[in-house]
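The values are calculated or read from the model by the stated rules, or taken from the named source; none is laboratory data. Here the structure is a predicted model, which means the values were calculated and not measured. FYI the Cβ positions are ideal-geometry reconstructions off the backbone, even for glycines, and counts take in every protein chain you see. Please note that ligands, DNA and RNA were not included when accessible areas were found on the heavy atoms of the full protein model with its side chains. Shrake-Rupley method; radii C 1.70, N 1.55, O 1.52, S 1.80 Å.
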Amino acid sequence: EGLAPKVRNAGTARIKGFELEGDAALTDWLRLSGGVGYLDAYYRSVSPTAVPVTVDSRFPNVPKWTASAAVNAVVLDSGDRKFTVRGDWTYRSSHYKDAVNSIDLLQSGYSVFGASATLDYRQFELTVGVTNLGDKRYLLGGYVDLIQASTATGMYSRPREWFLKLGYKY
């Protein structure tokens, strides 16, 4: 309405789902963790003032499925030295980034991977790693105004990033 969007409640809704998480220490040196989540989110009724949102609209930023997994392996553990490697994965199924369900802001399902290696030596800890290993670009959010301004904008994820971290325990 006018020059700026307004935030208001769309109506009534129901959200049902589940989340399951687990950790397993398979050996002294190998640990697995993971999780899966499911959401069934839908509108039960929608106010006429919420047009163009309808009871058939999907919630923004609510994928039906999410999942994650990680593996930690202690490769070396000898007294004052410990070397650990880690790999992780996250998944989100397709979802819209706005309440109107603009096709321009539909994010298809995606996976993101990360990895790191850590050396602990006495009080020092040195970690080298990478986030978004596959350099996946996915939408974080956005705004579409095709009626007044004829524009669609979006903010994307950070690219692959390498990091080096040095810590000191006291």
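A few remarks follow.
- Relative contact order %, the chain, counting alpha carbon pairs below 8 Å whose residues are six or more apart: 15 percent
- Reachable aspartates and glutamates from K136, criterion Cα separation under 15 angstrom, eight or more residues apart if same chain: D88, E161
- Binned Cα-Cα distance frequencies in the chain - 5 Å width, integer %: 2, 7, 12, 13, 14, 12, 10, 9, 7, 6, 4, 3, 1, 0
- Residue of G129, G37, G22 that the Gaussian network model of the chain assigns the largest fluctuation, springs spanning Cα pairs under 10 Å: G22
- Rolling a 1.4 Å probe across the protein heavy atoms gives the chain an accessible surface of 68 Å² per residue.
- Of K82/K169; K82/K165; K64/K97; K16/K97, those spanning more than 18 Å from alpha-carbon to alpha-carbon: K16/K97
- Accessible surface of the stretch 9-118 [probe 1.4 Å, protein heavy atoms]: carbon and sulfur percent: 56 percent
- Structure remark: mean-square fluctuation, Gaussian network model of the chain, C-alpha springs under 10 Å; the largest value among D88, D135, D28 belongs to D28.
- Per-pair calculated FRET efficiency, R0 = 25 Å: S93 and E161 via Cβ, rounded to 0.05: 0.55
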